[in-house]
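*Asks:* Take a look at the following structure, please.
Computed from the coordinates by the stated procedures, all read-outs in this text should not be read as laboratory data. Please read all numbers here as calculations on a predicted model, not as lab measurements. We place every Cβ from the backbone using ideal geometry, glycine too, and count neighbours over all the protein chains shown.
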C-alpha cells in the first residue's frame with residue numbers, strides 16, 4: 001500500500017480585501033525608508049562591548065578577544081541586514097578588534113620590563129574608563145533633580161498677612177438671610193393639589209449629606225426654592241436643629257457678607 005504524503009499548506013501572511021495571501025506579491029514595492037528602527041540599547045561601540053562582556057560574566061582584564069569579536073561582528077552584520085546606517089565608530093571598533101585578534105595570534109614583542117605587551121591593554125583601559133563614566137552618569141541620574149536641574153523659587157513677603165476677625169453669626173442674622181430666601185421663593189409660588197409630608201429629621205440627614213468639614217457651602221444653596229414656603233420652613237428648622245446639636249458650623253467673613261455652612265469637625 002502506498003502512503004499519500006500531504007503537502008503542508010503555508011500559513012497565511014495577511015488578508016487583503018478578503019483574499020488570503022501566503023506569499024509576498026512579486027510586484028510589491030517597499031520604499032527603502034519604509035522601515036525605520038531605533039536602537040536605544042547601545043550608545044556606542046564601547047557600550048556594546050561592555051554589554052557583551054557583562055552578559056557572559058567575563059573578566060574585563062582577561063577578555064577572550066576571539067569570542068567577543070565574533071559576537072560584536074554578529075551585531076554589526078545584523079544592523080547591516082536591517083539596513084541601518086552604522087556610525088563610523090562602530091566600524092572603527094570592528095577594525096580594532098580584528099587587529100587585536102590578529103596580534104593575539106602572532107608572537108608578542110617584549111616590553112621594557114621584559115614582559116610581553118598585551119594587545120588588549122589599550123582596549124581594557126578604554127573599557128574601564130568608559131564603565132567608570134557610565135556608572136557616574138547613572139548615579140547622577142538617580143539623584144534628585146530639585147537643586148540640580150530644577151531650582152525652586154522662594155518669595156518672601158515682608159508684610160505680614162492681615163488677620164481678619166470673623167464676626168459671630170447670631171440668630172437675627174440667620175432670620176434676615178432666611179427672609180431674603182422667602183422673598184425669592186415668592187417668585188416660584190404655585191398651586192399644589194397634593195401635599196407631600198415633610199420631615200425635619202429627613203431634611204437634616206439630606207443637609208449633612210451635602211456638606212462636609214472641608215469646604216463651605218452657601219446658606220442659600222441649602223434651600224430648594226421650588227419646594228415652596230412649607231419646604232423652606234422645614235429646611236430652615238433642620239438647619240436650626242443641626243446648629244443646636246453642634247453638627248454644623250455657621251460662619252460669616254464680615255458684617256452683611258454671605259453666610260456659609262460646613263459640617264463640624
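*Asks:* Taking the stretch 142-189 as the region of interest, what is the percent of Cα-Cα pairs per 5 angstrom bin, listed from the shortest bin to the one with the maximum distance?
*Replies:* For the stretch 142-189, the binned pair fractions read 5, 12, 9, 8, 7, 8, 7, 7, 8, 7, 8, 9, 4, 1 percent.
*Asks:* Moving on. Multiply the residue separation of residue 51 and residue 182 by 0.36 nm, subtract the distance between their alpha-carbon atoms, and state the gained length in nm to one decimal.
*Replies:* 39.1 nm
*Asks:* In the stretch 237-253, which residues have a backbone nitrogen under 18 Å from the label point lying 7 Å from residue 214's Cα in the Cα-to-Cβ direction?
*Replies:* It comes to 249, nothing else.
*Asks:* Between residue 59 and residue 265, what is the label-to-label distance in nm when each label sits 7 Å out along the Cα-to-Cβ direction?
*Replies:* Calculated label separation equals 6.8 nm.
*Asks:* Separate question: Neighbouring Cβ atoms within 10 Å as the yardstick, rank 131, 19 fewest first.
*Replies:* 19, 131
*Asks:* Okay, next question. Under a crude label model (7 Å from the Cα following the beta-carbon direction), how far is residue 98 from residue 241 in nanometres?
*Replies:* 9.5
*Asks:* By how many nm would the segment from residue 71 to residue 133 lengthen if fully extended, with 0.36 nm per residue of separation less the alpha-carbon distance?
*Replies:* Net length gain for the segment: 19.9 nm.
*Asks:* Measure of size requested: the Rg and Dmax of the stretch 135-250, with Cα atoms as the atom set and Å as the unit; please supply both.
*Replies:* In order Rg, Dmax, the Cα atoms of the stretch 135-250 give 25.4, 83 Å.
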